[in-house]
Amino acid sequence: MTEYLSYDFKDDAEFINTFDELPLWSAPFGLLLLKHIQLLPNLNVIDIGSGAGFPLMELAGRLGKSCKLYGIDPWINANKRAMQKIKSYDLSNVEIMECSAEQIPFGDNTIDLIVSNLGINNFDKPNLVFKECCRVLNPKGKLVLTTNLNGHWKEFYNVFEESLKQLGKDESINKLKEHQEHRGSVESISKLYTDNGFKVNRHFEEHFEMKFLNGSAFLNHHFIKLGWLNSWRELLPSNELVEIFSLLEQNLNDYSQNNGGLTLTVPMAFIEGEKI
Ligand SMILES: C[S@@+](CC[C@H](N)C(=O)[O-])C[C@H]1O[C@@H](n2cnc3c(N)ncnc32)[C@H](O)[C@@H]1O
């Protein structure tokens, strides 16, 4: 008890390196998760796709020491950063496990709660991940996901599709539609639950907006390049990239001029399933 009274802030480079770097992109989804999640004592918790440690570390702090938390992610460098945070924040109840959620290194019926913030769209085999979650969860254990939904950035994708139409790139239009649909809806994600041993208890939908000056600012934003650009390039023949992106950027800039900027809608959901 009261061990926190001896806390002494150490202003060193290692600590500052792990301080306040959460991407704005992840934050609204994490806040949605933290708003609706049921906090109980003595839980064994897994965060799937814990990356650099969000919302794992925040959840560990909010649940406190009676709960034990594990972050599962195959991404080596992100895990290193997460481990540094465990050290900096002096968290004795968190561990990082470098592996895929397709094979969770726990026995059957050993975990009470699994969370995943922005994980599901990144899993190559979501059905397998859901099956594994069902296996390791206790009966009535919960799997809670937050994710962006189909309809994500519809303003951008409408202009993208329009640009492809203008250039007569029918094959690329079909690929763009498939790319948008991989995000799923509350219904398709609920089916992943019910196909793999869960019932859906609750879901909440919200949306937020991201505003950019215009298409040029958007396409050059470092996080857009890091997180999305490659997935768009892969939809298009490499010898047509310059032609397509030039028109797309121009059309986005015209759209922004006419609409007072480029405001993109992000629909998101919190979905909680319970192991049957
Ligand atoms: C968009 S990031 C989200 C990271 C973090 N949860 C956040 O909210 O910022 C998706 C994460 O899922 C991880 N991932 C992808 N496939 C995975 C798998 N099969 N098992 C566990 N994690 C996986 C990626 O390495 C990445 O860290």
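Residue check, residue 241 against (1) out of contact with any Lys or Arg (no Cβ under 7 Å at 6 or more places or on another chain); (2) part of a helix (DSSP H, G or I); (3) of a type outside the set (Val, Ile, Thr), all met but one. Which one?
All conditions are met except number (1).
Among the numbered conditions (1) within 16 Å of the ligand (Cβ to nearest atom); (2) touching a strand residue (DSSP E or B) at 6+ places or on another chain (Cβ under 9 Å), tell me where residue 61 comes up short.
Evaluating residue 61 over (1) within 16 Å of the ligand (Cβ to nearest atom); (2) touching a strand residue (DSSP E or B) at 6+ places or on another chain (Cβ under 9 Å) leaves (2) as the failure.
Scanning segment 13-26 for residues that are assigned to a helix (DSSP H, G or I) and without any contact (Cβ under 8 Å) to a residue 12 or more places away in the chain, which turns out surrounded by the fewest Cβ atoms within 10 Å (Cβ to Cβ)? Give the steps one after another, and end with the answer.
Taking segment 13-26 and keeping what is assigned to a helix (DSSP H, G or I), we get 13-16, 26.
Still in the running and without any contact (Cβ under 8 Å) to a residue 12 or more places away in the chain: 13, 16.
On the way: 13: 6, 16: 12.
The qualifying residue surrounded by the fewest Cβ atoms within 10 Å (Cβ to Cβ) is 13.
Could you pull out the residue among 48, 96 that is buried (at least 17 other Cβ atoms within 10 Å of the Cβ), under 29 Å from residue 268 (Cα atoms) and free of Cβ contacts under 8 Å to residues at least 60 places away in the same chain?
Details: 48 fails: free of Cβ contacts under 8 Å to residues at least 60 places away in the same chain.
Exactly one residue qualifies, and that residue is 96.
Determine which member of the set 42, 77 is over 27 Å from residue 206 (Cα atoms), loosely packed, with under 14 Cβ neighbours inside 10 Å and free of Cβ contacts under 8 Å to residues at least 12 places away in the same chain. It would help to see each step written out before you state the result.
Numbers: 42 fails: free of Cβ contacts under 8 Å to residues at least 12 places away in the same chain.
Going through 42, 77 in turn, just one is over 27 Å from residue 206 (Cα atoms), loosely packed, with under 14 Cβ neighbours inside 10 Å and free of Cβ contacts under 8 Å to residues at least 12 places away in the same chain: 77.
Of (1) of a type in the set (D, E, K, R); (2) surrounded by fewer than 15 Cβ atoms within 10 Å (Cβ to Cβ); (3) under 28 Å from residue 267 (Cβ atoms), residue 58 satisfies all except one. Which?
Residue 58 satisfies every listed condition except (2).
Tell me, please, whether a residue that is touching a Cys at 6+ places or on another chain (Cβ under 9 Å) and hydrophobic (A, V, I, L, M, F, W, C) can be found in segment 139-147.
Step one: filter segment 139-147 for residues touching a Cys at 6+ places or on another chain (Cβ under 9 Å), giving 141, 143.
Now drop any that are not hydrophobic (A, V, I, L, M, F, W, C), which leaves 143.
Within segment 139-147 (the criterion being touching a Cys at 6+ places or on another chain (Cβ under 9 Å) and hydrophobic (A, V, I, L, M, F, W, C)), the answer is yes, since at least one residue qualifies.
Applying the selection to segment 106-121, what residues are within 15 Å of the ligand (Cβ to nearest atom), surrounded by fewer than 21 Cβ atoms within 10 Å (Cβ to Cβ) and polar (S, T, N, Q)?
If the condition is that a residue be within 15 Å of the ligand (Cβ to nearest atom), surrounded by fewer than 21 Cβ atoms within 10 Å (Cβ to Cβ) and polar (S, T, N, Q), then 121 is the only one that fits.
Applying the selection to segment 172-216, what residues are within 17 Å of residue 142 (Cβ to Cβ) and in a strand (DSSP E or B)?
Matches in segment 172-216: 198, 199, 200, 201, 202, 203, 204.
Out of segment 122-156, which residues are part of a loop (DSSP other than H, G, I, E, B) and either within 11 Å of the ligand (Cβ to nearest atom) or touching a Gly at 6+ places or on another chain (Cβ under 8 Å) (or both)? Talk me through it step by step, then tell me what you get.
Narrowing segment 122-156 to residues part of a loop (DSSP other than H, G, I, E, B): 123-125, 149-153.
Selection gives 123, 124, 125, 149, 150.
Are any of the residues in segment 182-190 out of contact with any helix residue (DSSP H, G or I) (no Cβ under 8 Å at 6 or more places or on another chain), among the aliphatic types (A, V, I, L, M) and crowded, with 16+ Cβ neighbours inside 10 Å?
To start, the set of residues in segment 182-190 that are out of contact with any helix residue (DSSP H, G or I) (no Cβ under 8 Å at 6 or more places or on another chain) comprises 185-188, 190.
From the residues that got through so far, the ones that are among the aliphatic types (A, V, I, L, M) too are 186.
Restricting the remaining residues to those that are crowded, with 16+ Cβ neighbours inside 10 Å gives 186.
So far as segment 182-190 goes, yes, one or more of its residues are out of contact with any helix residue (DSSP H, G or I) (no Cβ under 8 Å at 6 or more places or on another chain), among the aliphatic types (A, V, I, L, M) and crowded, with 16+ Cβ neighbours inside 10 Å.
May I ask you to list the residues in segment 225-273 that are charged (D, E, K, R) and either more than 23 Å from residue 147 (Cα to Cα) or surrounded by fewer than 18 Cβ atoms within 10 Å (Cβ to Cβ) (or both)?
At the first step, the residues of segment 225-273 found to be charged (D, E, K, R) are 225, 233-234, 240, 243, 249, 254, 272.
Selection gives 225, 233, 234, 240, 243, 249, 254.
Since every read-out is calculated from the coordinates, none of them should be taken as a lab result. Remember, predicted model here, so these are calculated numbers, not experimental data. Ideal geometry is used to build each Cβ from the backbone, glycine not excepted, and the neighbour counts take in all protein chains shown.
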